[in-house]
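The values are calculated or read from the model by the stated rules, or taken from the named source; none is laboratory data. On a predicted model such as this, the values are computed, not experimentally measured, just so you know. With ideal geometry, Cβ positions are generated from the backbone for all residues, glycine too; neighbour counts draw on all protein chains shown. Heavy atoms of the whole protein, side chains included, go into the accessibility calculation; ligands, DNA and RNA do not. Shrake-Rupley method; radii C 1.70, N 1.55, O 1.52, S 1.80 Å.
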Amino acid sequence: MKDKNVFLDYLKYERNYSNNTIIAYENNIEKFFLYLKENNIVDLKDVNYQVARNYISYLYKDNYQPKSINRMLSAVRSFFKYLKMNNKILLNPFELIEGPKIAKKLPKYLTINDCEKILLAPDLSNKTGIRDALILELLYVTGIRVGELVNIQLNDILMPSKTIKIMGKGSKERIVFYGTRCDSLLKKYLQVRSSFFKKKIDYLIISNTGKQMSTKEIRNIINKLKTKAGIDMNISPHTFRHTFATHMLNEGASLRSVQELLGHENLSTTTIYTHLTNEKLRKTYLMTHPRAR
């Protein structure tokens with residue numbers, strides 16, 4: 001238990017992980033400790049490769065899906081890596097353990113037509129509509145995560161250059177850009193923003209209760225505006241991120257530039273969007289290559 005707490009402190013103070021991430025790590029490690037207790041293993045030094053392999057079977061029997069199992073293994077693997085790094089154990093039994101393979105699902109995205117419909121759905125005649133329009137516009141034109149959106153502060157925005165400093169996963173900073181329409185909405189919102197709160201607050205997006213807006217509130221806003229726009233598909237804040245990436249690639253942006261704008265650490269994470277753009281490439285080939293017709 002002491003080793004676990006020291007590890008969580010390491011994630012918080014040295015790796016600058018968010019509170020939500022630390023809570024997830026703690027829950028995943030606690031699940032592993034429960035498995036050890038049920039199998040009468042009291043010393044972490046007694047955890048070997050076979051124990052690690054059996055843990056996967058244990059999770060399957062507990063009806064966890066492959067994605068959840070991989071997330072749990074990742075947390076425990078990091079924990080044992082930390083123990084080895086600090087000479088608490090000799091070997092990390094999870095180094096050679098591979099989690100279950102996950103079938104990649106192509107992300108859903110909005111067509112340009114549907115995107116325009118929902119972006120125009122907010123009522124700009126009132127302050128709430130202006131704020132909601134800005135929320136949608138920022139999600140679409142920057143590709144930021146909803147958690148990144150709610151954490152934008154006023155001093156993160158550089159209006160002369162139309163850029164925003166974003167604090168992403170693992171406390172990594174990046175710069176995103178926005179265009180003329182977003183700039184216009186931002187200026188309109190800043191004129192009415194103070195009417196959302198009584199006590200001054202630094203966060204850009206303010207809820208109707210005068211506080212930093214939650215990600216759940218933004219999901220509710222999107223669901224309401226989706227219905228108003230007459231769009232049948234399920235839309236989440238992340239749908240706008242997928243839409244941003246897909247539309248960028250369809251219009252000729254390089255995979256590397258989209259990777260940087262999304263804040264993906266590895267290019268392989270961004271390559272999933274190439275599957276969405278392949279159909280357009282096929283049509284271009286059929287239309288332009290003399291031997292394709």
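For this structure, a couple of remarks:
- For the stretch 55-101, alpha-carbon Rg relative to the globular expectation (2.2 N^0.38 Å, N residues): 1.22
- Comparing N234, N39, N151 in a Gaussian network model of the chain (Cα springs below 10 Å), the most mobile by mean-square fluctuation is N39.
- The alpha carbons of the stretch 93-187 stretch over 59, 32, 21 Å along the principal axes, in descending order.
- Fraction of alpha-carbon pairs over 20 Å apart in the stretch 1-135 - percent: 58 percent
- Cβ-defined net charge surrounding G210, 9 Å radius [Lys, Arg +1; Asp, Glu -1]: +3
- Per residue, the solvent-accessible area of the stretch 118-201 (1.4 Å probe, heavy atoms of protein chains only, all protein chains present) comes to 49 Å².
- C-alpha long axis of helix 49-61 to longest principal axis of the chain, angle in °: 50 degrees
- Of the accessible area of the stretch 147-245, computed with a 1.4 Å probe over protein heavy atoms only, carbon and sulfur atoms account for 52 percent.
- Relative intensity, log₁₀ I(q)/I(0), of the stretch 140-263 from a Debye sum that treats every alpha carbon as a point, q = 0.09, 0.10, 0.17 Å⁻¹: -0.27, -0.34, -1.02
- Taking every Cα-Cα distance in the chain and sorting them into 10 Å bins starting at zero, the pair-distance distribution P(r) comes out as 5, 22, 26, 22, 16, 7, 1, 0 percent.
- Contour excess over end-to-end distance, with Cα ends at L36 and T269 and 0.36 nm allotted per residue: 80.6 nm
- Heavy-atom surface of the stretch 1-117, accessible at 1.4 Å and reported per residue (Å²): 68 Å²
- Cα shape, the stretch 1-68, gyration tensor, a/c 1.5 rule: oblate
- When D232, D202 are compared by accessible area of protein heavy atoms, the largest-first order is D232, D202, using a 1.4 Å probe.
- Relative contact order (%) - criterion: Cα under 8 Å, at least six apart; region: the chain: 16 percent
- Using a simple spin-label model with pseudo-atoms 7 Å out from Cα toward Cβ, T21 and R174 lie 1.4 nm apart.
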